[in-house]
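Have a look at the structure below before the remarks.
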Amino acid sequence: MAKARAPRRTIDSYTIKGINKIIRAGDCVLMRPSDSSKPPYVAKVEKIESDSRGNTKVQVRWYYRPEESIGGRRQFHGAKEVFLSDHYDIQSADTIEGKCTVHSFKNYTKLDAVGNDDYFCRFEYNSSTGAFNPDRVAVYCKCEMPYNPDNLMVQCERCTD
């Protein structure tokens with residue numbers, strides 16, 4: 001006979017084991033990958049639930065790195081760039097390694113210093129079709145590529161481009 005599933009209740013926060021940081025719905029977190037040679041996954045916490053046995057689960061919306069998307073990493077993708085996807089999942093809260101911040105592209109480019117846990121997002125990504133929203137971004141320079149915040153850009157004194 002199958003075990004009855006313990007009823008879950010939504011909770012306001014969860015304290016990450018080992019580092020004592022509190023997360024809430026809406027926070028971005030780093031999730032431990034099954035392959036320890038890979039970087040942690042980035043996710044946005046949508047909901048936190050706990051059951052009577054003390055098991056805590058988080059409903060997350062995944063961010064994809066460029067190399068995880070259809071088409072892969074391109075020249076204009078920044079090293080800390082992630083795409084907010086339509087991929088939702090439920091994970092054990094024990095797989096959360098830490099908190100991170102996913103900035104808008106505009107806010108990221110204004111940071112005085114980029115920390116290890118700072119990322120930026122300028123696209124939403126449809127994981128089943130590989131489509132991006134927006135599907136176009138402004139291009140710059142003679143190379144006609146979107147701006148990559150990791151690369152130095154110099155403004156032309158004549159045309160101010």
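Structure notes:
- Restricting attention to the stretch 104-119 and to residues that are assigned to a loop (DSSP other than H, G, I, E, B) and open to solvent by 60 Å² or more (accessible area, probe 1.4 Å), the residue that is nearest to Tyr64 (Cα to Cα) turns out to be Asp117.
- Gly26 of a type in the set (Gly, Ala, Ser) and within 22 Å of Thr15 (Cα to Cα): yes
- Tally, over the stretch 16-30, of residues that are surrounded by fewer than 19 Cβ atoms within 10 Å (Cβ to Cβ), in a strand (DSSP E or B) and in contact (Cβ under 8 Å) with a residue 24 or more places away in the chain: 1
- Odd one out for Pro7, checked against (1) under 20 Å from the mean Cα position of the chain (by Cα); (2) more than 17 Å from Tyr88 (Cα to Cα); (3) surrounded by fewer than 16 Cβ atoms within 10 Å (Cβ to Cβ); (4) not hydroxyl-bearing (Ser, Thr, Tyr): (1)
- Some residue of the stretch 63-71 being modelled with pLDDT of 95 or more, farther than 22 Å from Asp117 by Cβ and over 14 Å from the mean Cα position of the chain (by Cα): no
- Count of the stretch 85-103 residues, restricted to those that are over 14 Å from the mean Cα position of the chain (by Cα) and buried (at least 17 other Cβ atoms within 10 Å of the Cβ), is 3.
- Sole residue being of a type in the set (D, E, K, R) and at pLDDT 95 or above, chosen from Asp89, Asp161, Asp135, Asp112: Asp89
The values are calculated or read from the model by the stated rules, or taken from the named source; none is laboratory data. On a predicted model such as this, the values are computed, not experimentally measured, just so you know. All Cβ positions, glycine included, derive from the backbone under ideal geometry; neighbour counts span all protein chains shown. Please note that ligands, DNA and RNA were not included when accessible areas were found on the heavy atoms of the full protein model with its side chains. Shrake-Rupley method; radii C 1.70, N 1.55, O 1.52, S 1.80 Å.
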